[in-house]
Amino acid sequence: MKFGTTLRIDKKMTIGAHVSKNGGYLKAQDRGREIGAECIQIFVQSPRSWQSPVRIESEAIEFRSESTLKSKKILPMYVHASYLINLASPQIELYKRSIAALKDNLNISNIINAAGLILHLGSYKDTTRKDGLKRLIAGLNEVTDSVDTDVPILIENTAGQGNTVGREFDEISGILSELNEADRFGVCIDTQHLFASGYTFESFEAVHHLTSKINSTIGIEKVKCFHFNDSVVESGSLRDRHANLGEGFIGKQSLALIAGTPSFRYLPLILEVPGLNRSGPGKTDVTTGKRLLKKGINLWDLRSL
Ligand SMILES: [Zn+2]
Ligand SMILES: [Zn+2]
């Protein structure tokens, strides 16, 4: 018996990695290729400080002209939006700045032809979830109203720390149903956040339970990529702490099972692991990722024989 509903046979299996963009986009591309990544994720601006969009835009325009010349060698790129963005924020200044920064990030993603812009929805702080969601939806609508692009915004599930929005698939599904242009949105699932938020995927049944949950809420086809990380903390801890693959509480078996499930095996799996000496994902990590994906595919395929 096969679980899962969607086989994405038109796409190839991909292990990617978050890399630094220091020195420019082509340098980031080099870093990705050096470690064997098949796609990369970058920040287009410093993730922890507000930056002038003028400079980041000129850099992106320059890359677009360079990349057309070298188009064959360009790896697909995902952009991770700045961590400062909080579209559920009750502070009006921060809220306005967040909308402006998300517009900038989406505009840059459009210029560089990114595969997707990955976003943490934010936290409603000491107000109510209901009010936070209202602000969030209005903010997202404003962004899609003013930036015209095919680059999807990919909502990332959170570990559930603090009063963050986006831990539960039901909640993400509710948000999607309120958006003016829901078809411009997808979801990026972080395996560590998923685990920390209370899910486990140590068996075929557990993964099936998870995929059914996803399918009955947001729909499997809304999932566009994964962040593929192990966890420093136990399931249910609600904390966002990434570990190298196989070195955390999720472990190799669970990571292989979730990566190889027929529903997800053709989606990009992007590593955001600490790597050796906390220098970010390296060659060893990417190799481990590829091995786990292959192992997971074998486990599922043998099971369905
Ligand atoms: Zn993230
Ligand atoms: Zn995380």
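Each of ASP240, ASP170, ASP190, ASP150 was scored by other Cβ atoms within 10 Å of its Cβ. Arranged with the fewest first, they read ASP150, ASP170, ASP240, ASP190. Were the residues from ASP183 through ASP30 laid out at 0.36 nm apart, the gain over their Cα-Cα distance would be 51.8 nm. Counting only DSSP beta bridges with both residues in the chain, the antiparallel share comes to about 10 percent. If you take the Cα centroid of the range 236-305 and the Cα centroid of the range 104-157, the two points sit 27 Å apart. Would you mind counting up the charge near GLU202? Only other residues with Cβ under 15 Å from its Cβ, with Lys and Arg at +1 and Asp and Glu at -1. Value of the local net charge: 0.
In terms of the Cα gyration tensor, with a ≥ b ≥ c the square roots of its eigenvalues, is the chain rounded because a/c is under 1.5, prolate because a/b exceeds b/c, or oblate? It is oblate, given that a/c is not under 1.5 and a/b is not larger than b/c. For the chain, set up a Gaussian network in which alpha carbons nearer than 10 Å are linked by springs, and say which option among LEU94, LEU245, LEU136 fluctuates the most. So, out of LEU94, LEU245, LEU136, the one fluctuating most is LEU94.
Please label the shape of the range 108-200 as rounded, prolate or oblate, based on the square roots a ≥ b ≥ c of the eigenvalues of the alpha-carbon gyration tensor (a/c under 1.5 means rounded; beyond that, a/b larger than b/c means prolate, else oblate). Verdict is oblate for the range 108-200. Report the net charge of residues surrounding ALA37, where surrounding means a beta-carbon distance below 15 angstrom and charges are Lys +1, Arg +1, Asp -1, Glu -1. Local net charge: +4. Among complete DSSP H helices in the chain, those whose alpha-carbon atoms stretch at least 18 Å along the helix's long axis and whose mean Kyte-Doolittle hydropathy reaches -1.0 are 53-69, 92-111, 129-146, 204-217, 283-303. Summing charges over neighbours of GLY160, with a neighbour being any other residue whose Cβ is under 14 Å away from its Cβ, gives -3 when K and R count +1 and D and E count -1. Rounded to the nearest 20 debye, the dipole size of the chain about its Cα centre is 800 debye, using +1 on the Cβ of Lys and Arg and -1 on the Cβ of Asp and Glu.
With neighbour counts taken as other beta-carbon atoms within 10 Å, the residues VAL223, VAL187 rank, fewest first, as VAL223, VAL187. Of all the stretches in the chain, which is the longest one without any exposed loop site, taking trypsin sites (Lys or Arg not before Pro) in a DSSP loop (any state but H, G, I, E, B) with at most 11 other Cβ atoms within 10 Å? Maximal segment without exposed cleavage sites: 71-305.
Any read-out appearing in this document is the output of simple, stated calculations on the displayed coordinates, not a laboratory observation. Note that the coordinates shown come from a computational prediction; the quantities given were computed from them, not determined experimentally. Neighbour counts run over all protein chains shown; Cβ positions are idealised from the backbone, glycine included.
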